[in-house]
1. Does the stretch 120-136 include one or more residues that are among the aromatic types (Phe, Trp, Tyr), closer than 30 Å to His10 by Cα and surrounded by 15 or more Cβ atoms within 10 Å (Cβ to Cβ)?
2. One residue is enough: does the stretch 102-114 have a residue meeting the conditions in contact with a helix residue (DSSP H, G or I) (Cβ under 8 Å, 6 or more places away or on another chain) and within 21 Å of Leu26 (Cα to Cα)?
3. Met122 fails exactly one of the following numbered conditions: (1) under 23 Å from Met35 (Cα atoms); (2) at pLDDT below 95; (3) in contact with a helix residue (DSSP H, G or I) (Cβ under 9 Å, 6 or more places away or on another chain); (4) of a type outside the set (Phe, Trp, Tyr). What is the number of that condition?
4. Among the residues of the stretch 106-127, how many are closer than 12 Å to His47 by Cβ, in a helix (DSSP H, G or I) and touching a residue at least 12 places away in the same chain (Cβ under 8 Å)?
5. For the stretch 33-52, how many residues are within 24 Å of Ser90 (Cβ to Cβ) and exposed (fewer than 12 other Cβ atoms within 10 Å of the Cβ)?
Amino acid sequence: MDDTSAGKIHWSFWAIGVAALVWNALGSMNFIMQMNPDVVAQFPDTHQAIIIGRPVWATTGFAIGVFGGSLACVLLLLRKSAAGYLFIASLLGVIAATVHTVRIAASAVQFSNFELVMMIPMPVVVAGCLLWYSKWARDQGWTG
C-alpha cells in the first residue's frame, strides 16, 4: 500500500501544511508591523503608499486574509475540515486587500515588476491554491 491511498496521509500534506502556515504567519507578522507607524516610516515609499491611508475595508480584508489563513493552516494540520471554510474567508480577505493595492499600483506610484507580482497576483494565487488544496485533502480523506 502506498502513501497516496485513501485515508493514509501522504508526507506532502504535512510539508504543504507547514509551508502554508509559515507563509500566513509571515503575513500576520507583516500585518502587525504595519500597525506601528514607526515601523511603517522605515518602509520603502511604495509600501508606505499602500499602507498610509488604507481604508478600513482593505485593512480588515488584510487581517482576515492573513489571520484567517494562519488559523486555517493550523486546522488543516489538525486535519479538521473546517479549514476549508477559513480558507474561503482568507481568500475573500486577500481579494479585498488586493483591490486596494491595485488601485494604488494604478496611481502615480512607481512599483518595480517584482513588487507588482509579489503584492498583487501572488497572495491571491496562494490563497486560491490553499483553498483548492484543503478541498482536495478533504476528498482524499485526510481531513474530516
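The values are calculated or read from the model by the stated rules, or taken from the named source; none is laboratory data. Just so we're clear, the structure is a prediction, and the values are computed from it rather than from any experiment. Every residue, glycine as well, gets a Cβ built from its backbone with ideal geometry; the counts of neighbours run over all protein chains shown.
1. Of all residues in the stretch 120-136, those among the aromatic types (Phe, Trp, Tyr) come to 132-133, 136.
Still in the list and also closer than 30 Å to His10 by Cα: 132-133, 136.
Narrowing the set further to residues that are surrounded by 15 or more Cβ atoms within 10 Å (Cβ to Cβ) leaves 133.
Yes, the conditions are met somewhere in the stretch 120-136.
2. Within the stretch 102-114 (the criterion being in contact with a helix residue (DSSP H, G or I) (Cβ under 8 Å, 6 or more places away or on another chain) and within 21 Å of Leu26 (Cα to Cα)), the answer is no, since none of the residues qualifies.
3. (3)
4. Final tally of qualifying residues: 2.
5. 2
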